[in-house]
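S.K.: My questions all concern the structure below.
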Amino acid sequence: MQGKLITLEGIDGSGKSTVVKKLQENSELRVFEPVFTREPTRGTLTGNAVENAIQSNTDQLAELFLFTADHAEHLAKLVKPALEKGKTVISDRYSDSRYAYQGITLKNRLENPLEWVKYLHRGWTVVPDLTFLFDIEPEIAVKRCGKRGEQTKFEKIEFLRGVRELFLGLAAEEPERFVIVDASGSPEDVEKKVVQKILDFVQRD
Ligand SMILES: Nc1ncnc2c1ncn2[C@@H]1O[C@H](COP(=O)(O)OP(=O)(O)OP(=O)(O)O)[C@@H](O)[C@H]1O
Ligand SMILES: Cc1cn([C@H]2C[C@H](O)[C@@H](COP(=O)(O)O)O2)c(=O)[nH]c1=O
């Protein structure tokens, strides 16, 4: 039986990675031996190329193709093999980040960047079964990012305001796939909401 793909999305500083670390230590989830992963990937040719692109003044269209190449490698080498073995895969960021972030970075390059980026994925990507959208005010998120050290070009309030709106629009288009989580609470509160929903979802079938 095909495994389930669960993704966590949200603007920088919304607390996804903090909750993922808690999910990895959660004894109730450990029973399902989920495969934890992320985009951009780490320690891969494509992930390293993306990391370099983020740190430099890369052309936004080139950056989109690098993120998308990383997604293709991620699908081929990790996501699809795990799902085919019936594993539950939990990814910290996935394609909805590309739609939301590059939907903004490319807004002056393409007529309808969000739709074009979605089209780029059509026919070969794997659509998640369940996506948690960590929703938070960009002002709070950027303040959190500030506490953890150097900031990337994406961690700017006005930019993240646009990204947040695109994320919320994606969730409104697919209410059966998205669970919007108020990410302004404590890590423990957010983790509790996410864990319960995952348990309900994985045990449902
Ligand atoms: N619920 C929370 N309340 C207060 N601070 C938090 C909360 N969750 C995470 N943080 C802090 O905010 C910062 C960003 O958290 P984290 O890295 O988990 O966010 P993220 O969504 O994964 O960000 P990015 O997408 O940029 O990696 C960290 O310093 C973390 O300790
Ligand atoms: C997958 C993906 C990510 N991004 C952006 C979002 C973040 O600002 C950075 C790195 O992500 P991390 O969670 O902080 O490691 O990259 C993007 O613009 N497009 C994407 O497809």
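S.K.: If you take every residue apart from L120 with its C-beta less than 14 Å away from the C-beta of L120, what net charge results, scoring Lys and Arg +1 and Asp and Glu -1? Numbers along the way, then the final one.
M.R.: Values: positive: R98, R109, K118, R122; negative: E63, D70, D96, E115.
Once all neighbours under 14 Å are counted, the net charge is 0.
S.K.: Using a basic spin-label model with each label point 7 Å from the Cα along Cα→Cβ, how many nm lie between I157 and V195?
M.R.: Calculated label separation equals 3.5 nm.
S.K.: Another one. Please report the net charge: other residues with Cβ closer than 11 Å to the Cβ of T41, K and R +1, D and E -1.
M.R.: Result for the neighbourhood of T41: -1.
S.K.: Taking the Cβ-Cβ separation of E33 and A76 as r and a Förster radius of 25 Å, what is the calculated FRET efficiency to the nearest 0.05?
M.R.: After rounding, the FRET efficiency stands at 0.70.
S.K.: Using a simple spin-label model with points 7 Å from Cα along the Cα→Cβ vector, what separation in nm is obtained for D59 and Q2?
M.R.: Each label point is offset 7 Å from its Cα along the Cβ direction, giving 3.6 nm.
S.K.: Then there's this: If you take every residue apart from V195 with its C-beta less than 12 Å away from the C-beta of V195, what net charge results, scoring Lys and Arg +1 and Asp and Glu -1?
M.R.: -1
S.K.: How do the peptides 111-121, 8-18 rank, highest first, by the average count of neighbouring beta carbon atoms within 10 Å per residue? If you can, show how the numbers build up before the last one.
M.R.: Working: 111-121: 15.5, 8-18: 23.4.
Result, highest mean first: 8-18, 111-121.
S.K.: Between R122 and K85, how high is the FRET efficiency from 1/(1 + (r/R0)^6) when r is the Cβ-Cβ distance and R₀ = 30 Å? Nearest 0.05.
M.R.: Using R0 = 30 Å, I get an efficiency of 0.70.
S.K.: Pop a pseudo-label 7 angstrom from the Cα along the beta-carbon direction at both S17 and L110 and give the gap in nm to one decimal.
M.R.: 2.7 nm
S.K.: In percent, what relative contact order does the stretch 4-203 have, based on Cα pairs under 8 Å that are 6 or more apart in sequence?
M.R.: Once normalised by length, the contact order is 33 percent.
S.K.: Return the whole-Å distance between the Cα centroid of the stretch 132-189 and the Cα centroid of the stretch 64-111.
M.R.: 17 Å
S.K.: Answer rounded, prolate or oblate for the stretch 80-145, using the Cα gyration tensor with square roots of eigenvalues a ≥ b ≥ c: rounded when a/c is under 1.5, else prolate when a/b is larger than b/c, else oblate.
M.R.: oblate
S.K.: Report P(r) for the chain: all Cα-Cα distances, bin width 10 Å, range 0 to the bin holding the largest distance, values in whole percent.
M.R.: 8, 35, 40, 16, 1
S.K.: Using only the Cα atoms of the stretch 15-68, build the gyration tensor, take square roots of its eigenvalues as a ≥ b ≥ c, and label the shape rounded, prolate or oblate: rounded if a/c is under 1.5, else prolate if a/b is larger than b/c, else oblate.
M.R.: Here the stretch 15-68 falls in the prolate category.
S.K.: In whole Hz, with x marking every Gly and Pro, tabulate ³J(HN,Hα) for the stretch 161-170 from phi via Karplus 6.51 cos²θ - 1.76 cosθ + 1.60, θ = phi - 60°.
M.R.: For the stretch 161-170, the Karplus curve yields 4, x, 4, 4, 4, 5, 4, 5, x, 4 Hz.
Computed from the coordinates by the stated procedures, all read-outs in this text should not be read as laboratory data. Model, not experiment: these values are computed from the prediction. Backbone-built Cβ (ideal geometry, glycine too); neighbour counts: all protein chains shown.
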